[in-house]
Amino acid sequence: MSIPHFRSADKAASADGSGSAQPAKVTLPHLQEKKRQGQPIAALTAYDYATARLVDESGIDLVLVGDSLAMVVMGLDSTLAVTVDEMLHHTRAVRRAVRRAIVVADMPYGSYHATIADGVANAVRFVKEAGAEAVKIEGGRNRLELVERLVDAEVPVLGHLGLTPQSINRMGGYAVQGKTLRAIDELMRDAVALEHAGAAAVVLEAMPREVASRITAQLSIPTIGIGAGPGCDGQILVFHDLVNLSFSRPPKFVRQFGDAAALFRSAIEGYRHEVASRAFPAEAESYHLPRAERLALEESEMEREAEMAGAGLAAVR
Ligand code: KIV
C-alpha cells in the first residue's frame, strides 16, 4: 500500500498574487482558523483517484470519502451495507490522489455501533491503512464516549447531526430534521456535547437554515452543512449530485454545477458509433511495422502462398 508523503503545512503565497495566504496542505487548525476569520470551507465527497485529483486540484479544503459511496458508486439503496474494507479500499484511492485537502473517511454503519473498542480499532485502521486524517461518525450525545476515546487515540473526529442516513430504519425515511422546538433543542445539545467531547467539526445535514445558523453561532468548531442553508461555516455536497451522476431526483439542496452524464453519454455513444462504422481506430491511432519488416512479412506470405498453390497442383495431378 502506498500512502503519499504529506507535504508540510507551510503557507504558500496565493497563485493569484493577491497575497491571501493559501495553505500548501490544509489541516484541521486551518479549518478552525477559517471559521474564526469567517471564510467559508468548501468540502466535497470523492471515492476514487481520478475524481479526488480533480477535487483536490480545484482547491477544495476537505475531501470526505463518504459512505454515500454505497449508493452513488455501488448502486445500493442505502448506506447501511458498505463495509469497513470497502471504505478502506476507496479511502486509499482518494489518499493517493489528494495532496492539499484534508482527507476524512466516513466510518460505515456497524463499524462503531457495537463497542467503543471496535470503533477505535476501526478508526485507527482508516488512519493507519488508508492515510485518513480524520474520521466522521453519525450521532450526538450517544457517541460522546467514542469521540473522547478517538481523540485520546489521536484520531480526529467529525460529528454528523440532523439527517443521519445510517439511522434510516429508525427514521423511516430521509426527511428534514429539527423542525420542532424540542428537536431543535436536542440538536443544539448534541452539537455542544460533541464539541465538548473533542470533535473537530460537525456536519449538519438537512435541517432548517435557522437551526443550522444557531448551532454554528453556538459552536467554536466549524460546522459543514449539506441542506442546512448558507449560515454554516462550510458546505459539502456529494460529488455525483454536483455533476449529475446520481441517477435519482436530487434533493432540494443540491445544485448541479455540471452535467457529467451528458458528457459521458455523448462520448460513449460517439465511440460506439465509430466502432460500428469502422471509423475508429484510424491510421493515426494504429501502430505500424517498420517498412523493412512489413516488406519482409509480405514477401514471406507471398512465398508461402506460392508454395501452397504448388503443393495443391501436385496433389491434383
Ligand atoms: O456519506 C456522505 O457523503 C456524507 C455527506 C452527505 C456529508 O456523509
Requested in this report: Return yes when residue 250 is surrounded by 15 or more Cβ atoms within 10 Å (Cβ to Cβ), in a loop (DSSP other than H, G, I, E, B) and not hydrophobic (A, V, I, L, M, F, W, C) and no when it is not.
Outcome: yes
Query raised in the report: What is the residue count in the stretch 59-93 for residues that are in a helix (DSSP H, G or I) and of a type in the set (D, E, K, R)?
Result: 3
Report task. Check every one of the helices (runs of 4 or more DSSP H) wholly within the stretch 116-189 and list those with 2 or more residues that are touching a Lys or Arg at 6+ places or on another chain (Cβ under 7 Å). Result -> 116-130
Report summary line: Those residues of the stretch 33-58 which are under 29 Å from residue 219 (Cβ atoms), away from the ligand (no atom under 13 Å from the Cβ) and assigned to a loop (DSSP other than H, G, I, E, B) amount to 38, 39, 40, 58
**Report entry** Test: residue in the stretch 259-282 that is in contact with a Gly (Cβ under 9 Å, 6 or more places away or on another chain) and under 27 Å from residue 175 (Cα atoms)
**Finding:** no
Query raised in the report: Only one residue in 314, 279, 261 is assigned to a helix (DSSP H, G or I) and out of contact with any Phe, Trp or Tyr (no Cβ under 9 Å at 6 or more places or on another chain). Which one?
Result: 314
Query raised in the report: Regarding residue 42, is this residue surrounded by fewer than 19 Cβ atoms within 10 Å (Cβ to Cβ), in contact with a Leu (Cβ under 9 Å, 6 or more places away or on another chain) and not polar (S, T, N, Q)?
Result: yes
Query raised in the report: Only one of (1) touching a residue at least 12 places away in the same chain (Cβ under 8 Å); (2) out of contact with any Phe, Trp or Tyr (no Cβ under 7 Å at 6 or more places or on another chain) is not met by residue 75, so which one is it?
Result: (1)
Query raised in the report: Is at least one residue of the stretch 254-265 within 16 Å of the ligand (Cβ to nearest atom) and buried (at least 18 other Cβ atoms within 10 Å of the Cβ)?
Result: no
Query raised in the report: Going by the conditions given, is residue 149 more than 18 Å from residue 88 (Cα to Cα) and within 16 Å of the ligand (Cβ to nearest atom)?
Result: no
Report summary line: The lone condition residue 280 fails out of (1) in contact with a helix residue (DSSP H, G or I) (Cβ under 6 Å, 6 or more places away or on another chain); (2) over 19 Å from residue 62 (Cα atoms); (3) loosely packed, with under 13 Cβ neighbours inside 10 Å; (4) of a type in the set (A, V, I, L, M, F, W, C) is (3)
Report task. Specify the residue that is farthest from residue 238 (Cα to Cα); the eligible residues are those in the stretch 102-130 that are small (Gly, Ala, Ser) and surrounded by 15 or more Cβ atoms within 10 Å (Cβ to Cβ). Result -> 119
Report task. Out of the residues in the stretch 214-247 that are within 12 Å of the ligand (Cβ to nearest atom) and in a loop (DSSP other than H, G, I, E, B), state the one that is surrounded by the most Cβ atoms within 10 Å (Cβ to Cβ). Result -> 228
Query raised in the report: Looking at the stretch 94-114, which of its residues are part of a loop (DSSP other than H, G, I, E, B) and more than 12 Å from the chain's Cα centre (by Cα)?
Result: 99, 100, 107, 108, 109, 110, 111, 112, 113, 114
Report task. Would you mind telling me which numbered condition in (1) over 26 Å from residue 123 (Cα atoms); (2) modelled with pLDDT of 95 or more; (3) assigned to a loop (DSSP other than H, G, I, E, B) residue 16 fails? Result -> (2)
Query raised in the report: Before we move on, is residue 213 hydroxyl-bearing (Ser, Thr, Tyr), in contact (Cβ under 8 Å) with a residue 60 or more places away in the chain and under 24 Å from residue 33 (Cβ atoms)?
Result: no
Report task. Inspect all residues belonging to the stretch 195-209 and state whether any of them is assigned to a helix (DSSP H, G or I), at pLDDT below 95 and either within 16 Å of the ligand (Cβ to nearest atom) or hydrophobic (A, V, I, L, M, F, W, C) (or both). Result -> no
Query raised in the report: Pairs, please: C-beta under 6 Å, at least 6 apart or cross-chain, first residue without any contact (Cβ under 8 Å) to a residue 40 or more places away in the chain and within 14 Å of the ligand (Cβ to nearest atom) and in the stretch 89-115, second among the charged types (D, E, K, R) and part of a loop (DSSP other than H, G, I, E, B)?
Result: none
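The values are calculated or read from the model by the stated rules, or taken from the named source; none is laboratory data. Note that the structure is predicted; figures quoted are calculated from it, not measured. FYI the Cβ positions are ideal-geometry reconstructions off the backbone, even for glycines, and counts take in every protein chain you see.
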